[in-house]
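These notes are about the structure you will find just below.
The values are calculated or read from the model by the stated rules, or taken from the named source; none is laboratory data. This one's a predicted model, so the numbers in the text were calculated from it and none came from an experiment. Glycine also receives a Cβ, built like all others from the backbone with ideal geometry; neighbour counts cover every protein chain displayed.
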Amino acid sequence: MARPLLPTRPPAESADPDDLLHLARTSFTDALARLRESESVATLRDALPMLWQQITDPSSSLRTPVGEADVTTFSKRRLRDALDQIGSAFTLERARYYLDRLARAVQETRTGRINDIDLNRWKEYDDILTDSLWLFDRRDASGAHHAGFWGNFVPQIPYQLMRRYTRRGDLVIDPFAGSGTTLIEGRRLGRHTIGVELNPAVVEQTRATLMHEPDRHGVVCALDVGDSTTLDWTALLEQYGHRSAQLAILHPPYHDIIRFSDDPRDLANAPSVETFLAMLGDVVARVAPVLDGGRYLALVLGDKYADGEWIPLGFLGMQETLRHGFTLKSIVVKNFEQTAGKRSQKELWRYRALVGGFYVFKHEYIFLFRKA
């Protein structure tokens, strides 16, 4: 069976407000407590349809305006699923267990140290990926995002990384900012972002692009011209009122696959793979000191093909990063169906692969590292 492609914009970002239920927290908790006192599974099951009718009735005492202090919000589908699970329990003990779990989701927020995910309501996060294969049919082109910068990465990647590894108000840094994909997503998600880009012309263009993304959260969204192999990140962060970062996203050139400039400091102009890796290591060494302990660095990197040989650039970059005090937490393989370089030459590349005995590049890697 073919694996379904992931949506361009995750469901949580495009949810219909009509699918959300705003319930009075205290009243709903009391209703669940009364259900828990049922004398049998049959009695409990008989009471569930009446509770659902109250939940979905806009004039019910369980419903409340979204602006009220004593309010809890649920996806209608997820709440329906939770009640169905309670009703399908074979024993009263198991039904009470599910009721208690739902009550905790109503009363308490349980988040970890590095993100805003409420673990009492973990089933509601349909937009957050937890497997290691990401399939995208096309890049997200909403808002200020665009595909005009050759070599930029799909916005879904920084979206996923920020949702998993940061909280609102955290700082994300990007040493290869390019067209500002990370910065745009950070502004959308309420994360401070600071990016660095070597090419002044690209910086000027990206700053103009960022003006088209509304700042709804009042966050820092800064882009500076600089060489990330020698940059003093401590000084740069202080310039914008920060002492440390909580996530670093690195999307360097894939060595010389795409030439971005004539600048010898550009990693795309490194004279050899060995030099490229050394320069990448310099960037990681500069970033590492400003990243908080226990926080994450993501390296987005693909392989290359040269002189009839597959060069495992991604894994070589992984090994280089590990030399700088990080441990490897995950490797994600991302496949993007619509690549700009091969979109109009699909049949030609298939022919070349058959003749040359190789496989066409369609994937890249996202390496997740944790700082000790």
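Scanning the stretch 80-113 for residues that are exposed (fewer than 14 other Cβ atoms within 10 Å of the Cβ) and in contact (Cβ under 8 Å) with a residue 40 or more places away in the chain turns up Asp81, Phe90, Thr91, Asp100, Thr111, Arg113.
Applying the selection to the stretch 22-44, what residues are hydrophobic (A, V, I, L, M, F, W, C) and assigned to a strand (DSSP E or B)? Before the answer, list the steps.
Initial filter on the stretch 22-44 (hydrophobic (A, V, I, L, M, F, W, C)): 23-24, 28, 31-33, 35, 41-42, 44.
Result: Leu23, Ala24.
Just checking, does the stretch 269-279 include any residue being more than 27 Å from Glu185 (Cα to Cα), part of a strand (DSSP E or B) and in the same structural domain as Val225 (by TED's automatic domain parsing)? No: the stretch 269-279 contains no residue that is more than 27 Å from Glu185 (Cα to Cα), part of a strand (DSSP E or B) and in the same structural domain as Val225 (by TED's automatic domain parsing).
Considering only the stretch 45-69, state which residues are part of a helix (DSSP H, G or I) and touching a residue at least 24 places away in the same chain (Cβ under 8 Å). Step through it out loud before you land on a result.
Within the stretch 45-69, the first condition is being part of a helix (DSSP H, G or I), and the residues that meet it are 45-56.
Residues satisfying the conditions are Arg45, Leu48, Leu51, Trp52, Ile55, Thr56.
Of all the residues in the stretch 222-245, those that are over 25 Å from Phe276 (Cα atoms), surrounded by fewer than 17 Cβ atoms within 10 Å (Cβ to Cβ) and of a type outside the set (A, V, I, L, M, F, W, C) number 6. Of the residues making up the stretch 190-201, those that are more than 18 Å from Leu297 (Cβ to Cβ) and either outside any helix (DSSP H, G or I) or within 13 Å of the chain's Cα centre (by Cα) (or both) are Gly190, Glu197, Leu198, Asn199.
Per the conditions (1) touching a helix residue (DSSP H, G or I) at 6+ places or on another chain (Cβ under 6 Å); (2) more than 15 Å from Pro155 (Cα to Cα), the sole criterion not satisfied by Val196 is (1). Answer with yes or no whether Thr64 is hydroxyl-bearing (Ser, Thr, Tyr), surrounded by 13 or more Cβ atoms within 10 Å (Cβ to Cβ) and either modelled with pLDDT of 95 or more or more than 30 Å from His212 (Cβ to Cβ) (or both). Judged against the criteria, Thr64 is a match.
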